[in-house]
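Notes follow the structure.
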Amino acid sequence: MSVLIISDNAVLCRLRTAVISGTVTVNGAPASRDILAYKNDDNNIYASTRSSGADGIWEIEVIGNHNDRFRVICVGDDGENSQIYEHVTVA
Amino acid sequence: MPYANLVQQPCADKSELFCRLRDFICKRAGTYDYSASGIGWTLHDASYASGNENAPALNDWFVVFSPGERGNEDLFFRFVWVSGYIKIEGWLSWDSTVHTGAHQYNTSYNFYIADAGSYTLWIYGDLDAISMHETTNASYNYRCAFGKLANTGYDDTIAVSSAPVSAGTAVTIQLDMIPPDWSAGDKIYIRDSNGLEIITITSIGSSSIVANVSSSYIAGCKLQKDIGYHCQSSYYNFSMACVANRTTGAVAPCYSINANINGYANPDELNGYRGAVPIHIVAADGYYGQLRHTLLCDNSSMTDGDVLIAQDGTMYRYLQFYTSAYCLVKEV
């Protein structure tokens, strides 16, 4: 990777990304559902996606580190029977 | 002492914020238990009208002390609960027996904390320097930093006199060491818990100097070219008060400088990297030094609370504060 030297004192950095992921199954079968992610205590949706109907897998790229906590909601059909996962962390 | 941080801590009210500040900075099991995760300053003195440290209120205060990372600094900071703020004062010394300090170098109200509401508190630091941020309660995020600057303009090595120093002309001062940067004709500070002045080195020996001294100083008094302590006196830009007037050595009035720091680095889109630069404190009467653990950055394509990683693996939290100031604070 090329390294751009701005000066001896400047620091080059970039957004730190990580992936949170999961698999949605209903009665053992993969299912396509809306996935909503919230970061820390923010009540606004941070990111969203939809799990694959083929294998139930979903992934969301987030910006953060081990100090961040995410809340992930797997929205059930018609909004019912949603699953909520609190304090989801990234490496 | 390892660097430590308290990240995005909700506080239900100002009392909780006040107690968490104290207990995290002092790494203690107080109202909140930070005996494992806190920074490690010493709780040096405190005053609570109710006598209960768990229920602080208006006008209550506490003093924290640190000898710095190199163990010979005199970093005393008093946190006072005042209306609309937690006021943070820097002091060169503080007597916990009579509850008073000497050589105050910040008198401004500096950490904006409204009296009512809930808060989100961030604290970062080590034994040299601490910064604090509040990101919920007010219209803007607010920030305050204090401690010892890095890369001071002059050598900040401390030499100590084992014997008292009497006022007079051509006084010989025996020191534990002579910093290599010192030369005859140089101006240096001499200070103890009572006095502070600038003296000029008349001549210099292997373990002593000769100088004219206006006041007397106790054994253990410290001499150095640059002290480099600061207490950022504003919630916007990088205004600050710095101990002692560099030109005259006067302690009061101290400088409270509102100088916008230029140096925004344009993001480098190559490989997704962006540039961030150290924050150097420069003011009308000279260069003070560099804020520790903090970088200045541009805000494009950034969201408050984002995490960035440098090429050496160091992580930084992006925190906007006030209207148009953006910084990266080292996070572990």
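Within a straight-line Cα-Cα reach of under 20 Å, B:LYS187 can be paired with the following lysines, leaving aside sequence neighbours fewer than 8 residues apart in one chain: B:LYS222, B:LYS225.
Calculate what fraction, in whole %, of the accessible area of segment B:159-224 sits on carbon and sulfur atoms when a 1.4 Å probe is rolled over the protein chains. Carbon-and-sulfur percentage of accessible area, whole number: 51. Computing Rg and the Kirkwood Rh from the Cα coordinates of the protein assembly as shown gives a ratio, Rg/Rh, of 1.06. Take the Cβ-Cβ distance between B:ASP95 and A:SER52 as r, set R0 to 45 Å, and report the resulting FRET efficiency rounded to the nearest 0.05. So, using R0 = 45 Å, E works out to roughly 0.10. For the residue pair B:GLN290 and A:THR25, what label-to-label distance in nm results when each label sits 7 Å from Cα along the Cα-to-beta-carbon direction? Output for this residue pair reads 5.4 nm.
For segment B:159-224, the normalised intensity computed at q = 0.12, 0.19, 0.20 Å⁻¹ comes to -0.22, -0.59, -0.66 (log10 of I(q)/I(0), Debye sum over alpha carbons, equal scatterers, no solvent). Other protein chain C-beta atoms within 10 Å of residue C-beta, averaged over A:14-26: 3. Based on the alpha-carbon gyration tensor of segment B:1-77 and its eigenvalue square roots a ≥ b ≥ c, which shape applies: rounded if a/c is under 1.5, prolate if not and a/b is larger than b/c, or oblate? Oblate shape, in that a/c is at least 1.5 and b/c is the bigger or equal ratio.
Note on segment B:1-135: Rg/Rh from C-alpha atoms, Kirkwood Rh, equals 0.93. Close amide H partners of B:ALA167, meaning residues 5 or more places away or on another chain with modelled amide H under 5 Å apart, are B:SER216, B:TYR217. Distance between the 7 Å Cα→Cβ label points at B:SER301 and B:VAL332: 3.1 nm. Estimated from helices alone, the mean residue ellipticity of the protein assembly as shown at 222 nm is -1000 deg cm²/dmol (sum of -39500 (n - 2.57) over DSSP H runs with n ≥ 4, per residue). The residues of chain A expose on average 60 square angstrom of accessible surface per residue, using a 1.4 Å probe on protein heavy atoms.
Rounded to the nearest 0.05, the FRET efficiency derived from the C-beta distance between A:GLU80 and B:ALA49 at R0 = 35 Å is 0.05. For chain A, the pair-distance distribution built from all alpha carbon pairs, in bins 5 Å wide starting at 0, is 3, 12, 21, 19, 13, 10, 7, 6, 4, 3, 2, 0 percent. One Cα centroid belongs to segment B:75-150, the other to segment B:208-232; the line between them spans 26 Å. For the chain pair A and B, buried accessible area totals roughly 2200 Å², probe 1.4 Å, rounded to the nearest 100. The modelled label-to-label distance for the pair A:ASN44/A:GLU59, using points 7 Å beyond Cα in the direction of Cβ, is 2.7 nm.
Averaged over the residues of peptide A:65-75, the number of Cβ atoms from other protein chains lying within 10 Å of each residue's Cβ is 3. Listed by chain and number, the lysines whose C-alpha is less than 22 Å from the C-alpha of B:LYS330, apart from same-chain residues fewer than 8 away, are A:LYS39, B:LYS27, B:LYS148. Given R₀ = 51 Å, what would the calculated FRET efficiency be for A:ALA91 paired with B:SER183, taking r from the Cβ atoms and rounding to 0.05? The value I calculate is 0.45.
Summed over the residues of segment B:159-224 and divided among them, the accessible surface reaches 45 Å² per residue at a probe radius of 1.4 Å.
The values are calculated or read from the model by the stated rules, or taken from the named source; none is laboratory data. Note that this is a predicted model, so its numbers are computed, not measured. Using ideal geometry, Cβ is built from the backbone for each residue, glycine included, and neighbour counts are taken over all protein chains shown. Just the protein is used for accessible areas: all its heavy atoms, side chains included, with ligands, DNA and RNA removed. Shrake-Rupley method; radii C 1.70, N 1.55, O 1.52, S 1.80 Å.
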